[in-house]
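Presented below is the structure to which this report refers.
The values are calculated or read from the model by the stated rules, or taken from the named source; none is laboratory data. Just so it is clear, the model here is predicted, and its values are computed rather than measured. Backbone-built Cβ (ideal geometry, glycine too); neighbour counts: all protein chains shown. Quick note on the areas: whole protein, heavy atoms, side chains included, nothing else; ligands and nucleic acids left out. Shrake-Rupley method; radii C 1.70, N 1.55, O 1.52, S 1.80 Å.
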Amino acid sequence: MQVAKDTVVTLEYELSDSDGNLIETGDEPMVYLHGGHHGIFPMVEQALDGKNVGDSCEVRMTPDEAFGEYDAELVQIETRDKFPGNIAVGMQFEGEGENSGESLIYTVTDISDDKVVVDGNHPLAGQTLNFSCTVSEVRAATSEELSHGHVHGAHGHHH
């Protein structure tokens with residue numbers, strides 16, 4: 001079966017930066033619903049369209065095509081008393097963007113005696129990325145997966 005709209009695609013993948021430094025390798029395969037269901041980067045989905053099991057591809061994505069440009073306005077300095085006592089660099093919190101009102105994940109990047117610096121940018125924002133993958137399985141999506149817009153099962157979404 002070929003990768004096509006409304007198929008469930010399983011990928012073995014690696015993500016690296018523009019210098020070839022490995023950022024992530026899938027310990028578990030990536031499984032997504034193909035065909036505009038927002039389960040994978042659009043450029044990767046386009047490159048995979050029509051591929052078969054065993055086929056590979058590599059896609060180079062600019063920041064705009066991946067996690068966006070780095071936005072310095074998403075870095076905020078907050079008073080320490082707004083955070084739990086066990087606060088640590090690397091912890092993440094959900095909050096609203098100051099100007100957008102949208103929900104963002106903020107990562108603690110620095111802590112002082114009375115201040116905490118949090119960053120609402122995705123950790124890979126501003127980076128050009130290389131996504132390389134090999135198709136390891138393709139199957140027809142179930143009617144339930146199509147109605148929910150995502151994959152169910154071992155490596156997909158669980159309700």
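At each listed q (0.12, 0.13, 0.23, 0.25 Å⁻¹), what is the log10 of I(q)/I(0) that the Debye formula gives for the range 20-89 modelled as equal alpha-carbon point scatterers? Taken in order of the listed q values, log10 I(q)/I(0) reads -0.58, -0.65, -1.18, -1.30. Dipole magnitude for the chain: computed about the Cα centre from +1 point charges on Lys and Arg Cβ and -1 point charges on Asp and Glu Cβ, it is near 440 debye.
Ignoring ligands, DNA and RNA, what percent of the accessible area of the chain is carbon or sulfur (1.4 Å)?
Working: 4350 of 9250 Å².
Here carbon and sulfur together make up 47 percent of the probe-accessible area.
Along the chain, the longest continuous region that contains none of the GluC sites (Glu not before Pro) in a DSSP loop with at most 16 other C-beta atoms within 10 Å is 1-68.
Could you calculate the contour length gain from residue 21 to residue 2, that is, 0.36 nm times the residue separation minus the distance between their Cα atoms, to one decimal place in nm?
3.8 nm
Return the loop-located chymotrypsin sites (Phe, Trp or Tyr not before Pro) in the range 1-97 (DSSP other than H, G, I, E, B) with at most 11 other Cβ atoms within 10 Å of their own Cβ; answer none if there are none.
Details: sites: 13, 32, 67, 70, 93; in loops: 67, 70.
Filter output for the range 1-97: empty list.
For Rg and Dmax of the Cα atoms in Å, computed directly from the structure shown, the correct entry in (i) 18.7, 59; (ii) 16.7, 68; (iii) 14.7, 50 is (i).
If you count only protein heavy atoms with a 1.4 Å probe, what accessible area per residue comes out for the range 17-159, rounded to a whole Å²?
On a per-residue basis, 60 Å².
How much FRET efficiency would the formula 1/(1 + (r/R0)^6) give for residue 139 and residue 60, where r is the Cβ-Cβ distance and R0 is 35 Å, rounded to 0.05? Provide the component values of the computation, followed by the final result.
Numbers: r = 28 Å, r/R0 = 0.81.
So the FRET efficiency works out to roughly 0.80.
Our estimate of slack between residue 148 and residue 69, defined as 0.36 nm per intervening residue step minus the Cα-Cα distance, is 25.4 nm.
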